[in-house]
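All remarks here apply to the structure that follows.
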Amino acid sequence: MKKAGKFYVTTPIYYVNDVPHLGHVYTTVAADVLARYHRLEGREVFFLTGTDEHGQKADQAAARLSVPVEEHVEAHSAVFKNLWKDMGISNDDFIRTTDKRHKKVVRQALQTLYDKGEIYSDVYEGWYCVPDERFWTEKDLKGCGSGSSFGDGYGFGEANGAGFGDGSGLGYKEICCPDCGRPVQRIKEKNYFFKMGKYRDWLIDHIKNHDGFILPVSRRNEVLGFLEKKLEDLCISRPKTRMSWGIELPFDSGYVTYVWFDALLNYVSAPGLYAQDSRFDKWWPADLHLIGKDILTTHSVYWITMLKALELPIPKRIFAHGWWTIDGKKMSKSLGNVVNPSKIAEAVGLDQFRYFLMREVPFGLDGNFSINSLINRINVDLANNLGNLISRTLTMIKKYRGSVVPRKITGGTNVENIKTAAMNACERYSSHMGNAALSKALDEMIMLCDELNRFIVKSRPWTLAGKKGEEEKLDDILYGSAETLRVIGRMMVPFMPNSAQSLFKQLGLRAGYDGGTLEWGCVEGGHEIAPEGALFPRIDEKKADEVKDSITRPRGREPEKKSLEQKISIDDFKKVKIVTATIISAQPVPKSKKLLKLQVDIGYEKRQVVAGIAERCSPEELMGRRVLVVTNLKPVKIMGVESNGMLLAASDKGKLILAGTSEDAEPGLRIT
RNA sequence: GGCGGUGUAGCUCAGUUGGUUAGAGCAUGCGACUCAUAUUCGCAGUGUCCGGGGUUCGAAUCCCUGCACCGCCA
């Protein structure tokens, strides 16, 4: 039975500077699963994701690359868009905080709050780290020197504390930034503040009066704990003198909007706040904000009070899921254990990967990712259980009934058990999906597979085949098995859309079949099946090695096993002298396939350098190229030719990539 | 430092308001089947329920205390 209604689900908008990782994919796949589920249930769905593009980090990164910041964020936004294609994400919209439609809403929202007296300006004093461009509170500065680690959370990015210290008690001696260790300054600055604090009591009541508003319950309690103390007002501006990459305040052109204030509004700007009233009213409030646990406070406190002040309806639910570790360790760039989701999907199959993410860990708790657990999960659940089950059922229909699914037998008594089991499973499945208990929903699907396996073993159809008087019984069993598989397929659809389609096709259901409903007997039978071979191939040991290899090794590069471990000091690095150079001649080394003899101009002299690049580029291509050369290597003879230096270059799948400078440089400049 | 949480089989965890022999999946061992992707089914285990004390006829469960780990806040 189709239920009417709408479902508006969001992911956080991801910060453009982040390299996409498992965490981003986890949130977005979960949102996708729910979006697909609700569509299937007949609801109108609006599934929103996007990118957060303002703020200091994006600005700095663009500056480092000497690229206009607009271009930089455009390119990085596209990285996420492409990733979502790879992950089979069915989002209905993709919002960018640099979109006109968004900026307009942010400015109007700010103006509205300003006009209502919800925003005021004030001068605050605080400890400021100039190189890091951030304020610190007194407390932050206490243990001065120890490197406090700021998670590179995959929420909205900029980790700027909103609070400003009110400076008292600390003297001026030796006060330095807890992050970078450099001295901080005491500075005074005018800023704008949103009167968040006055909504504290209201917010506490709202949370207490709305069960399921913040899930899991442990997170709800965390927020309530946070609210027990005084709630400060929120600084929502940044002076352009410090950082100008943002949305200008409508009431003061000397400031841009604090990134969080800007970013959170994406949830209302996308459905058309202040622009398309009927559309906005249709979708808002959101039914579900899906977030990682790291951005719980911003969503349940900042965002909710912002909406309250704007007199907009409050979202129905915020669900904070857990984090993934990799082989038991926190994901981090410095550990080099950030796995590339696209590569995993490529190696084991997209649906298999999605299945693993949704099944392995109870939704809301932390989980651990390891290749072994990934492979084990795929083999046990998908290959041995579900895949094999499909295979054995289809084979029996092929062998015993000439590939035609028997017609439904009304009142057939042989299938009562499996029918009841299937319907009970459906009921629990739906209930879990409604609560976003995604792993439990998949548990139900797998337990139904177990049930069907047992049903087949108990009814022993192979002993009935060809026996007179047993035809109807065998028909009943085969129909029941096929119909149970159809129900299982229907459960698969939101999680593994492609595999579900393939299953339906193999079951002989029409192309584009949506799975029917979670009720018994949707399919009448009498049609022909179309087996296609294993839906979920087992990953045997040999294949497992290949998978591990392809996931572990950076794409297109040789393994760099030790380089991750062996750190060198800056002094070690300083021993290497690298200078800019121009290639003035290049010719093959006789009797060598790989070597080229180069003459390079390093400014103060000419050098002969032998490089092993002949297979990847021709001498002509190199003429006149600006390159980087190591000049203080001990000279060596290679195949009888002296080499007095080394050309810096990388190789990408046999293609030569020369190290150079972002712009043409005079020869002889030292790289430091 | 404040608040909260967790500690159960080799591993990951479930254990509802205290109630009989403490469960599931994975991994392990044995047996069976042959429709199936060396798949599936059945059986078998193993536990100081973190330590100590208490309440109770009875505690994994409630109370006190100690230890370990985690989260939020500072």
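Can you list the aspartates and glutamates whose alpha carbon sits under 16 Å from that of A:K473, skipping same-chain ones fewer than 8 residues off?
A:E416, A:E483
Please check which bits of the stretch A:600-634 a label hung off A:E666 would reach, taking the label as a point 7 Å along Cα-to-C-beta and the cut-off as backbone N under 17 Å.
A:601-606, A:626-627
What is the dipole size for chain A, taken about its Cα centre, with +1 at each Lys and Arg Cβ and -1 at each Asp and Glu Cβ, in debye to the nearest 20? Don't skip to the answer; put the middle values down first.
Values: 95 positive and 86 negative charges, 299 e Å.
Value, rounded to 20: 1440 debye.
Calculate, for A:V630 and A:A63, the FRET efficiency according to 1/(1 + (r/R0)^6) with r their C-beta to C-beta distance and R0 22 Å; round to the nearest 0.05. Walk me through the numbers on the way to the answer.
Values: r = 28 Å, r/R0 = 1.26.
Computed FRET efficiency for A:V630 and A:A63: 0.20.
Listed highest first by mean packing, meaning other Cβ atoms within 10 Å per residue, what order do A:527-539, A:349-361 come in? Mind showing how you got there, number by number?
Working: A:527-539: 16.2, A:349-361: 22.8.
Peptide ranking by packing, descending: A:349-361, A:527-539.
State the antiparallel share, in %, of DSSP beta bridges confined to the stretch A:248-402, rounding to the nearest 5.
35 percent
With the cut-off at 31 Å, tell me which of the pairs A:K419/A:K505; A:K548/A:K597; A:K329/A:K542; A:K104/A:K190 have Cα atoms farther apart than that.
On the way: A:K419/A:K505 22 Å; A:K548/A:K597 39 Å; A:K329/A:K542 27 Å; A:K104/A:K190 24 Å.
From the list (A:K419/A:K505; A:K548/A:K597; A:K329/A:K542; A:K104/A:K190), the Cα-Cα distance tops 31 Å for A:K548/A:K597.
Among DSSP beta bridges whose residues both lie in chain A, state the antiparallel percentage, nearest 5.
Bridges in chain A that DSSP calls antiparallel: roughly 70 percent.
Once the piece of chain linking A:A75 and A:E615 is laid out straight, how much longer is it, given 0.36 nm per residue of separation minus the C-alpha distance between them? Write down the numbers at each step before the final one.
Numbers: separation 540, 0.36 × 540 = 194.40 nm, distance 3.22 nm.
Contour length minus the Cα-Cα distance gives 191.2 nm.
Listing A:E118, A:E666 from the residue with the fewest other Cβ atoms within 10 Å to the one with the most, what is the order? Before the final figure, lay out each step's value.
Details: A:E118 21, A:E666 12.
The order, fewest Cβ neighbours first, is A:E666, A:E118.
Could you give the dipole magnitude of the stretch A:288-368 about its Cα centre, charging the beta-carbon of Lys and Arg +1 and that of Asp and Glu -1, in debye to the nearest 20? The partial results should precede the final answer.
Details: 10 positive and 7 negative charges, 25 e Å.
Roughly 120 debye for the stretch A:288-368.
Under 8 Å for C-alpha pairs, at least 6 residues apart: give me the relative contact order for the stretch A:275-391, rounded to a whole percent. List each step's numbers first, then the result.
Numbers: 97 pairs, mean separation 28.3, N = 117.
24 percent.
Multiplying the sequence separation of A:R510 and A:F226 by 0.36 nm and subtracting their Cα-Cα distance, what value in nm do you get?
Numbers: separation 284, 0.36 × 284 = 102.24 nm, distance 5.38 nm.
Here the segment from A:R510 to A:F226 would lengthen by 96.9 nm.
Just to be sure I understand the model, the point goes 7 Å from the Cα along the line to the Cβ. What's the resulting A:K195 to A:V123 distance in nm?
2.3 nm
Rounded, prolate or oblate: which fits chain A, taking a ≥ b ≥ c as square roots of the Cα gyration tensor eigenvalues, rounded meaning a/c under 1.5, else prolate when a/b beats b/c?
Working: a/c = 2.51, a/b = 1.26, b/c = 1.99.
The shape class here is oblate.
Excluding residues on the same chain fewer than 8 positions from A:K81, give the aspartates and glutamates whose Cα lies under 16 Å from its Cα.
A:K81 reaches A:D18, A:D32, A:D52, A:E53, A:E71, A:D92, A:D93, A:D99.
Just tell me which aspartates and glutamates come within less than 18 Å, Cα to Cα, of A:K468; anything on the same chain fewer than 8 places away is out.
A:D476
Every number in this text was worked out from the coordinates using simple rules, so none of it is lab data. Remember, it's a predicted structure, so these values are computed and weren't measured experimentally. Note that we place each Cβ from the backbone using ideal geometry, even for glycine, and neighbour counts take in every protein chain shown.
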